[in-house]
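The values are calculated or read from the model by the stated rules, or taken from the named source; none is laboratory data. None of these values were measured; they are calculated from a predicted model. Neighbour counts run over all protein chains shown; Cβ positions are idealised from the backbone, glycine included. Accessible surface is based on the protein model in full, side chains and every heavy atom, while ligands, DNA and RNA are left aside. Shrake-Rupley method; radii C 1.70, N 1.55, O 1.52, S 1.80 Å.
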Amino acid sequence: MGDSFLTLDDLPPGGKTVLLRVDINSSINPETGALLDDTRIRRHAATAELLAEAGAKVAILAHQSRPGLLDCVPLERHARRLAHLIDRPVEFIPDVHGELARDAVASLEPGEVVMLDNVRFDAEEVAVSSWNGENFTPQADTALVRNLAPLADMFVNDAFAAAHRCQPSLVGFIEVLPMATGLVMERELRKLGGAIADGPAPRIALLGGSKAADSVAIAHHFLSQGVDEVLTGGVVANLFLMAGGVDIGAPSTTYIREHIADWEQVVADALTLRKEFGDRLMVPVDVAVSDGGLRHGLPVSELPTKHPVHDIGLETLVAYLARLEKAGTIIANGPFGVFENPEFAASTREIFTAMANSDALTVVGGGETAMVFTQMGLADRVNHVSTGGGACIAFMSGRLMPVLEALRHSKRRFDEGGYNK
Ligand code: 3PG
């Protein structure tokens with residue numbers, strides 16, 4: 001990774017004014033404004049602390065929610081929480097790049113940290129957010145960059161969870177400031193990227209949940225990258241069964257037709273994958289259906305069914321667990337059944353517990369998967385839980401991500417001596 005991106009080893013931050021972009025977009029109680037989850041703030045605390053300890057003057061940029069939503073609030077509570085975590089003051093500045101913000105950044109002393117306000121209060125941050133696929137000139141040509149860049153020496157991008165976005169606060173500074181990865185970004189790229197591309201063999205991916213289109217893209221990228229096997233569950237498995245010509249019954253078929261955009265294309269893509277990768281892409285041999293809310297097992301050979309398929313079956317579960325026992329690397333994204341209902345939580349619980357007990361390198365996708373691991377008390381027993389929701393999916397699908405491209409661009413420019421600072 002160090003070859004493609006600048007890190008803090010390349011840009012020692014001591015005495016420098018550092019703009020630090022984090023992603024501390026968190027669940028908030030819209031009525032009280034209270035933070036309901038501080039996972040991301042806790043992760044980024046390490047980077048803020050490292051910079052402050054090194055004697056950097058740190059100005060933090062971050063977003064919360066999207067304009068128009070009730071939880072699109074100022075970052076005052078985020079700053080207070082961060083201050084508590086790093087045990088040093090983090091002054092909240094109720095301004096993004098106006099005079100107040102500029103004065104605050106300009107008057108920072110070594111080791112001091114300020115947090116500027118929610119960057120999504122800035123109209124350009126929201127409006128100038130599409131990527132032309134070539135450069136970041138539109139994002140660089142914004143008031144945020146013009147106002148803050150002259151005050152800073154370097155930019156640290158730690159916002160992995162927003163790395164699929166192309167907003168000025170994420171990519172706009174690279175024309176003028178060298179951009180390095182922070183600790184969260186580095187860890188995500190090392191753990192997620194490492195597990196996919198060269199984790200210990202055999203590498204096994206568990207793909208479940210209801211975002212079947214994403215999972216088909218992820219399965220394709222994983223199998224092309226040399227992941228040995230993809231084991232499917234949830235709606236993803238239903239879709240792969242459908243692609244293989246199995247009639248899964250009216251309720252589950254209707255679910256796919258109604259909930260998956262462009263489902264016919266997704267099924268066609270799934271069929272292509274099954275043909276290309278054969279047995280490396282595993283589908284259930286039996287399922288559990290909901291018969292009036294009760295679990296009822298059924299071999300795939302006995303489908304279709306008039307009941308909705310809500311979990312993989314026992315025989316499939318046993319086969320999957322046997323494969324996991326031999327795994328060198330396990331990557332999980334998505335639950336294997338309707339885990340919210342205890343009747344259909346069995347496979348998700350068994351599989352995720354096996355993962356937590358495994359000696360393999362274990363990596364968990366962000367968003368819903370991370371939430372299930374936390375709810376099941378397993379999050380501390382795997383090697384890495386991603387902070388990214390959409391970003392993690394984009395990364396696991398092998399999509400080009402603007403922030404990663406900007407980091408590469410900045411490294412090239414730095415190597416060519418293209419920065420004055
Ligand atoms: C997230 O929570 O996934 C990131 O912060 C990105 O948020 P966004 O989807 O509003 O850009």
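Just from its helices, what would the mean residue ellipticity at 222 nm be for the chain, if runs of 4 or more DSSP H residues each count -39500 (n - 2.57) and the sum is divided by every residue, rounded to the nearest 500 deg cm²/dmol? All intermediate terms of the calculation are to be shown ahead of the outcome.
On the way: 18 runs with 165 residues, N = 421.
The per-residue figure over the chain is -11000 deg cm²/dmol.
For Arg43, the solvent-accessible surface with a 1.4 Å probe is about 70 Å², rounded to the nearest 10. Evaluated with a Cβ-only charge set (Lys, Arg +1; Asp, Glu -1), the chain carries a dipole of roughly 320 debye about its Cα centre, given to the nearest 20.
Segment Asp359..Leu100, full-extension length gain: 88.1 nm, with 0.36 nm per residue of separation and the alpha-carbon distance subtracted.
Comparing Cα centroids, the stretch 146-177 and the stretch 378-415 end up 15 angstrom apart.
Is the shape of the stretch 201-359 best called rounded, prolate or oblate, per the rule: a/c under 1.5 gives rounded, else a/b larger than b/c gives prolate, else oblate, with a ≥ b ≥ c the square roots of the Cα gyration tensor eigenvalues? Before the final figure, lay out the partial values.
Details: a/c = 1.76, a/b = 1.14, b/c = 1.54.
Since a/c reaches 1.5 but b/c is at least a/b, the shape of the stretch 201-359 is classed as oblate.
In degrees from 0 to 90, rounded to the nearest 10, what is the angle of the helix 39-53 Cα long axis to the longest principal axis of the chain? Helix 39-53 sits at roughly 30 degrees to that axis.
Taking each residue as 0.36 nm, the span from Arg280 to Asp380 lengthens on full extension beyond its C-alpha to C-alpha distance by 33.1 nm. Annotation for Glu31 and Arg408: the two label points, set 7 Å from Cα along the Cα-Cβ direction, are 4.8 nm apart.
Under the classification rounded if a/c is under 1.5, otherwise prolate if a/b is larger than b/c and oblate if not, where does the chain fall, given a ≥ b ≥ c as square roots of the Cα gyration tensor eigenvalues? Walk me through the numbers on the way to the answer.
Working: a/c = 2.14, a/b = 1.97, b/c = 1.09.
Prolate, because a/c is 1.5 or more and a/b exceeds b/c.
Can you give the charge dipole size of the stretch 201-359 about its Cα centre, rounded to the nearest 20 debye, using +1 on the beta carbon of Lys and Arg and -1 on the beta carbon of Asp and Glu? Numbers along the way, then the final one.
Values: 11 positive and 20 negative charges, 34 e Å.
The dipole magnitude comes to about 160 debye.
By DSSP, the beta bridges lying fully in the chain are antiparallel in about 20 percent of cases.
Per-residue SASA remark: Arg381, around 110 Å² accessible (1.4 Å probe; ligands, DNA and RNA not included). Averaging the sequence gap over all C-alpha pairs within less than 8 Å and six or more residues apart, then dividing by the number of residues, gives the chain a relative contact order of 16 percent. Among Gly234, Ala356, Asn341, which residue has its Cα positioned farthest towards the positive end of the charge dipole of the stretch 201-359, with +1 placed on the Cβ of Lys and Arg, -1 on the Cβ of Asp and Glu, and the dipole taken about the Cα centre? Among Gly234, Ala356, Asn341, the one farthest towards the positive end of the dipole of the stretch 201-359 is Ala356.
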